[in-house]
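The values are calculated or read from the model by the stated rules, or taken from the named source; none is laboratory data. Computed from a predicted model, the values in this text were never measured in an experiment. Positions of Cβ are generated from backbone atoms using ideal geometry, with glycine treated the same way; all protein chains shown enter the neighbour counts. Accessible surface areas use protein heavy atoms only, side chains included; no ligands, DNA or RNA. Shrake-Rupley method; radii C 1.70, N 1.55, O 1.52, S 1.80 Å.
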Amino acid sequence: MATVRDILAEKGSHVLSIGEDSTALDAALLMNEHKIGGLAVLRGGRVVGMFTERDLLQRVVAEQRDAAKINIGQIMTHKITIAGADTTIDEARSLMKNKRIRHLPIVDEDHRPLGMISIGDLNAHQ
């Protein structure tokens, strides 16, 4: 049965990330530069949160906060869904559907990032 490891083997394991002390503006510029919708938030090399377009819209734009002054740690999604490399494609799809998320960090047992998959990656996987 196919696992997310198969997707990572095709797309690569590079994870774009940001630190908690970076600003929302830093994150928005990075996401825009790489044409992605979410970043893993790392502390000490471990995934501790996610920052997505939805976080930016809900917690910065809609609240009329200054993106250049607000830290990611204040507005990131803290309660995140993660998966391991051996998670099946069907399990990952179900997780993302049930949790209503579009980005799924793939981590090892110490929460160190192994990769990131998106709903687009799942849809494109044959």
Quiz item: Gap in Å between the Cα centre of the stretch 1-40 and the Cα centre of the stretch 76-94?
Solution: 14
Quiz item: Counting only protein heavy atoms and using a 1.4 Å probe, what share of the accessible area of the chain belongs to carbon plus sulfur, as a whole percent?
Solution: 48
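Show me the trypsin sites (Lys or Arg not before Pro) within the stretch 29-72 that DSSP assigns to loop and that have at most 16 other Cβ atoms within 10 Å of their Cβ. Before the final figure, lay out each step's value.
Details: sites: Lys35, Arg43, Arg46, Arg54, Arg59, Arg65, Lys69; in loops: Lys35, Arg65, Lys69.
Those satisfying the criteria are Lys35, Arg65, Lys69.
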Quiz item: At 222 nm, what helix-only mean residue ellipticity would the chain give, in deg cm²/dmol to the nearest 500, using -39500 (n - 2.57) for each DSSP H run of four or more?
Solution: -9000 deg cm²/dmol
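With every protein chain left in place, what is the accessible area per residue of the chain in square angstrom, probe 1.4 Å? Intermediate values should be presented prior to the final figure.
Numbers: 7280 Å² over 126 residues.
For the chain, the per-residue accessible area is 58 Å².
Below 8 Å between Cα atoms, with a sequence gap of 6+, how large is the relative contact order for the stretch 1-49 in percent? All intermediate terms of the calculation are to be shown ahead of the outcome.
On the way: 31 pairs, mean separation 16.6, N = 49.
Computed over the stretch 1-49, the figure is 34 percent.
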Exercise. Determine the gain in length on full extension of the stretch Arg100-Asp66; use 0.36 nm per residue of separation and subtract their C-alpha separation, reporting nm with one decimal.
Key: 9.5 nm
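Find how much the distance from Leu16 to Leu57 grows on full extension, using 0.36 nm per residue of separation minus their present alpha carbon separation; answer in nm with one decimal.
Details: separation 41, 0.36 × 41 = 14.76 nm, distance 1.96 nm.
So the chain would gain 12.8 nm between Leu16 and Leu57.
Does the stretch 41-126 come out rounded, prolate or oblate, given a ≥ b ≥ c as the square roots of the eigenvalues of its C-alpha gyration tensor, rounded meaning a/c under 1.5 and, failing that, prolate meaning a/b above b/c?
Numbers: a/c = 2.77, a/b = 1.57, b/c = 1.77.
Verdict is oblate for the stretch 41-126.
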